[in-house]
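One structure is given here, and the rest of the page talks about it.
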Amino acid sequence: MVEVPCIEAKGLVRRFTADDHTLTILSGLDFTAPAGQSVAVVGASGIGKSTLLHILGALDKPDSGELHINGQDVFAMQDAQLSRFRNRNVGFVFQFHHLLPGFTALENAAMPARISGLNAKQAKEKAEAMLERVGMSHRLNHRIGELSGGEQQRVAVARALIMDPPLLLADEPTGNLDVKTGALIHELLCELNQEKKMTMVVVTHNMQLAEMMQRQVTVSEGKLILEQ
Ligand SMILES: Nc1ncnc2c1ncn2[C@@H]1O[C@H](COP(=O)(O)OP(=O)(O)O)[C@@H](O)[C@H]1O
Ligand SMILES: [Mg+2]
């Protein structure tokens, strides 16, 4: 039996119109990743790494092209179906954690589980287990503003993984952290990739992290190429 790739993107085109001209950031980009693979997306600022990652996570739609995640045609889905699909299949870690500041670590990590329909008790149990996994058991009831940058990013990783998604996307997850804290988050991501056999695509400027991934790619003239 042929295994369905976790990610299969074909002919992605994404243009932005600024002032009176159009920028073509992705110009027919193809990207396939088998289940369980870890991929680093590297390269200079402005080449379209975040644009690509947002499309792979269905947070943004391309002007044309197709995306299948685990064999499912993502952009053919209606909004409600797409939200549900994303909730169950894709974890996203942003450069700036995007956690809700007025809420605790536990409440933030539990949010996707609540959205999925689990009751408060079930969601809390899941969140506690995931926060323990990322080494945050001692800060469950701290509000986000009371945590360090590295701790906030651990909570963001816990939130991204609480639904046990087959796909984790991370956009410069350690771009704002000191070297030591960044290295700990890198190790955590690699451990989780091994442990959960999830597919992982990480945008990073950190070559040490990139080299921990099985494959390194970059975007050149709107297309995906192997990093030299
Ligand atoms: N919403 C937008 N409107 C206009 N231009 C955009 C938008 N998003 C991104 N861009 C432009 O697209 C290019 C690629 O952006 P991005 O994907 O964020 O790059 P990277 O993540 O590689 O630094 C940049 O030149 C950026 O200014
Ligand atoms: Mg970016």
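The values are calculated or read from the model by the stated rules, or taken from the named source; none is laboratory data. Remember, it's a predicted structure, so these values are computed and weren't measured experimentally. Every residue, glycine among them, receives a Cβ derived from its backbone with ideal geometry; neighbour counts consider all protein chains shown. Surface accessibility is based on the protein's heavy atoms, side chains included, excluding ligands, DNA and RNA. Shrake-Rupley method; radii C 1.70, N 1.55, O 1.52, S 1.80 Å.
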(request) Output the qualifying pairs, or none if there are none: Cβ atoms under 6 angstrom, residues six or more apart or on different chains, first residue in the range 48-70 and over 16 Å from LEU168 (Cβ atoms), second residue more than 12 Å from ligand 1 (Cβ to nearest atom) and at pLDDT below 95. (result) none
(message) Just to verify a result, which residue in the range 34-53, among those that are within 8 Å of ligand 1 (Cβ to nearest atom) and within 15 Å of the chain's Cα centre (by Cα), is most open to solvent (accessible area, probe 1.4 Å)?
(response) SER50
(request) With the checklist (1) farther than 24 Å from VAL13 by Cα; (2) surrounded by fewer than 17 Cβ atoms within 10 Å (Cβ to Cβ); (3) of a type outside the set (Val, Ile, Thr) in hand, flag the one item GLU227 doesn't pass. (result) (1)
(request) Considering each residue of the range 208-218, count those that are open to solvent by 10 Å² or more (accessible area, probe 1.4 Å) and within 16 Å of ligand 1 (Cβ to nearest atom), and give that number. (result) 2
(message) Being surrounded by fewer than 15 Cβ atoms within 10 Å (Cβ to Cβ), out of contact with any His (no Cβ under 6 Å at 6 or more places or on another chain) and at pLDDT below 95 is the requirement here; does GLY150 meet it?
(response) no
(message) Quick test of your reading of the structure: ASN108 fulfils all but one of (1) out of contact with any strand residue (DSSP E or B) (no Cβ under 6 Å at 6 or more places or on another chain); (2) part of a loop (DSSP other than H, G, I, E, B); (3) more than 16 Å from ligand 1 (Cβ to nearest atom); (4) of a type outside the set (D, E, K, R). Name the failing condition by number.
(response) (2)
(message) Considering only residues that are surrounded by 13 or more Cβ atoms within 10 Å (Cβ to Cβ), within 16 Å of ligand 1 (Cβ to nearest atom) and modelled with pLDDT under 95, which ones fall in the range 1-22?
(response) none
(request) Considering only the range 44-53, state which residues are within 9 Å of ligand 2 (Cβ to nearest atom), not charged (D, E, K, R) and not in a loop (DSSP other than H, G, I, E, B). (result) SER50, THR51, LEU53
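If you take the residues of the range 159-189 that are over 12 Å from the mean Cα position of the chain (by Cα) and closer than 23 Å to GLU128 by Cβ, which of them is farthest from ligand 2 (Cβ to nearest atom)?
Taking the range 159-189 and keeping what is over 12 Å from the mean Cα position of the chain (by Cα), we get 162-164, 174-188.
Next, only the ones that are closer than 23 Å to GLU128 by Cβ stay: 162-164, 181, 184-185, 187-188.
Working: ILE162: 24, MET163: 24, ASP164: 26, THR181: 20, LEU184: 22, ILE185: 17, GLU187: 23, LEU188: 21 Å.
The selected residue is ASP164.
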(request) Output the residue which, of all residues in the range 84-103 that are open to solvent by 60 Å² or more (accessible area, probe 1.4 Å) and farther than 23 Å from GLY175 by Cα, is farthest from the chain's Cα centre (by Cα). (result) PHE103
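Residue under question is ILE25, and the condition is that it be in contact (Cβ under 8 Å) with a residue 12 or more places away in the chain and within 12 Å of ligand 1 (Cβ to nearest atom); does it hold?
Working: in contact (Cβ under 8 Å) with a residue 12 or more places away in the chain: yes; within 12 Å of ligand 1 (Cβ to nearest atom): yes.
For ILE25, the condition - in contact (Cβ under 8 Å) with a residue 12 or more places away in the chain and within 12 Å of ligand 1 (Cβ to nearest atom) - is met.
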(request) Identify all residues within the range 173-205 that are within 14 Å of ligand 1 (Cβ to nearest atom) and either more than 21 Å from MET136 (Cβ to Cβ) or crowded, with 21+ Cβ neighbours inside 10 Å (or both); write none if there are none. (result) PRO173, VAL201, VAL202, VAL203, THR204, HIS205
(message) Which of the numbered conditions does GLU221 fail, given that it passes all the others? Conditions: (1) open to solvent by less than 50 Å² (accessible area, probe 1.4 Å); (2) within 14 Å of ligand 1 (Cβ to nearest atom); (3) more than 19 Å from PHE96 (Cα to Cα).
(response) (1)
(request) Would you please list the contacts, defined by Cβ atoms under 6 Å and residues six or more apart or on different chains, that run from a residue in the range 200-223 that is within 16 Å of ligand 2 (Cβ to nearest atom) to a residue that is polar (S, T, N, Q) and modelled with pLDDT of 95 or more? (result) ALA210/GLN216; GLY222/THR24; GLY222/SER27
